[in-house]
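Enquirer: One structure, as structure tokens, below. Some questions next.
Where a number appears in this text, it was derived from the coordinates with a stated rule and is not lab data. The shown structure was predicted, so the numbers you read here are calculated from the model rather than taken from an experiment. All Cβ positions, even for glycine, are placed from backbone atoms using ideal geometry, and neighbour counts span all protein chains on display.
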Amino acid sequence: MPDRAPLTKIPSLVVRTFASPIELRTQRVLLRQWKDSDLNRWAAMNADAEVRKYFPKLLDRTESDDEANRIRGNIAQRGWGMWAIEIPGVHAFAGFVGLSLPAFEAPWMPAVEIGWRLSRDAWHKGYATEGAVAAMNFAFDELGLPEVVAMSVPTNTPSHQVMQRLGMTHDPSADFDHPRVPTDWPLKTHILHRISPATWKARRST
């Protein structure tokens, strides 16, 4: 791992940062910093109604680039984040998998979220789970987090299945109306999954 830079603090949660972007590799996937060459594929994902099925709207090119630049900036600042996922020899860019600090108020905040979003041609191959396992190992082994959370709308069964494969548990008491989703959107309510370091360690040992 690179030399560690000073710690970044948010209320009641200290997260470690790194002097340069971290890369995580597994048998099949690479989680890395974003590149300019990723932006066309990212824009195509954001214009795909199936990829954006559980979001209020599609994104135009400017909105898509702005989101990528925010994600990229967070990785540059902390050394980790919602990494671009590459499947070497298969997909130069297939979306993202990684960790983030949600930038909104919720009863369960502060927390670090694990998330993923893949292009349709990378679905149903286990890439999201494989990348998420690497991100979860990093969250607990390198960042020393007390917990990791994940969220989605109730009807997003594919994401919930990844959360379950990771050993995360739905906490009904923490379900919430997402403050950044329009009030009149039917999928405003989000459900929350959690996992502790002890649960993750036990899962890895089985």
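Enquirer: Just to be sure I understand: of the beta bridges DSSP finds with both ends in the chain, what percent are antiparallel, rounded to 5?
Expert: Here the share of antiparallel DSSP bridges comes out near 95 percent.
Enquirer: Any idea what the dipole of the chain comes to, in debye rounded to 20, about its Cα centre with Lys/Arg Cβ at +1 and Asp/Glu Cβ at -1? Could you put the intermediate results ahead of the total?
Expert: On the way: 25 positive and 23 negative charges, 98 e Å.
The calculation lands at about 460 debye.
Enquirer: In the range 25-204, if the dipole is taken from +1 on Lys/Arg beta carbons and -1 on Asp/Glu beta carbons about the Cα centre, which of Ala49, Phe93, Leu192 is farthest to the positive end?
Expert: About the Cα centre, the residue reaching furthest to the positive side is Phe93.
Enquirer: Once the convex hull of the C-alpha atoms of the range 145-191 is built, how many Å³ does it hold per residue, rounded to a whole number?
Expert: It is 88 Å³ per residue.
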